[in-house]
């Protein structure tokens, strides 16, 4: 199962600041999450590529804003993981400053995919991200990752609990369960990305139409 747009994802560049971001893009969706929330694995599954976003056992490995183009005007953006990053404090502050500027000022950013481990409630820093994006009127879609590690009942209960919180306090955000390992929740996240990217899948031709075209 692949998506005609996201399977085209190709690495373009990695930059530390907004000033160095590509200037030809009109639609960008960024991926953010606490270190080890499963962001790289999710990006790889969404794009049907095994090594697009490198997965690492070391939290905080991705320290730059990484662009993966889909076509001439659209891109997926992999942001640095937050929290527990084992890096020099000065570097950490510098990249967080660059990250903040990108999220607050990028004219092409249409939405944020926020990855949260389904086995635990949103952390304080996850809630800070929700508060911040709400102030910016930036839509957020939460992927409750690693849902395969929970039984269906508890996973669904955690999702309903989060959706209740979002409805009451963060109406700019939506949520779903997601498993990179079992490729569950793919269609739902593709549909959200399509909405933000203003992308319409090409309609499948019927066999009759294909035969007419061939002749």
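For the stretch 144-164, the set of residues classified as surrounded by 15 or more Cβ atoms within 10 Å (Cβ to Cβ) and either over 21 Å from the mean Cα position of the chain (by Cα) or touching a residue at least 40 places away in the same chain (Cβ under 8 Å) (or both) consists of 145, 146, 150, 158, 159, 162, listed by residue number. Screening residue 25 with (1) over 17 Å from residue 190 (Cβ atoms); (2) modelled with pLDDT under 90 gives one miss only, at (2). The set of residues in the stretch 113-172 being within 17 Å of residue 79 (Cα to Cα) and assigned to a loop (DSSP other than H, G, I, E, B) consists of 138, 139. Does residue 102 count as at pLDDT 95 or above and either under 29 Å from residue 50 (Cβ atoms) or assigned to a helix (DSSP H, G or I) (or both)? It is false that residue 102 is at pLDDT 95 or above and either under 29 Å from residue 50 (Cβ atoms) or assigned to a helix (DSSP H, G or I) (or both).
All told, residue 191 meets the bar of being closer than 27 Å to residue 106 by Cα and within 13 Å of the chain's Cα centre (by Cα). Residue count for the stretch 174-188 under the criterion of being buried (at least 18 other Cβ atoms within 10 Å of the Cβ) and either over 13 Å from the mean Cα position of the chain (by Cα) or closer than 11 Å to residue 42 by Cα (or both): the result is 6.
Among the numbered conditions (1) over 19 Å from residue 178 (Cβ atoms); (2) in contact with a helix residue (DSSP H, G or I) (Cβ under 8 Å, 6 or more places away or on another chain); (3) modelled with pLDDT of 95 or more, tell me where residue 63 comes up short. Here residue 63 meets the rest and fails (3). For the stretch 182-215, a tally of residues being modelled with pLDDT of 95 or more and assigned to a helix (DSSP H, G or I) returns 12.
The values are calculated or read from the model by the stated rules, or taken from the named source; none is laboratory data. Worth saying up front: this structure is predicted, and the values here are computed from it rather than measured. FYI the Cβ positions are ideal-geometry reconstructions off the backbone, even for glycines, and counts take in every protein chain you see.
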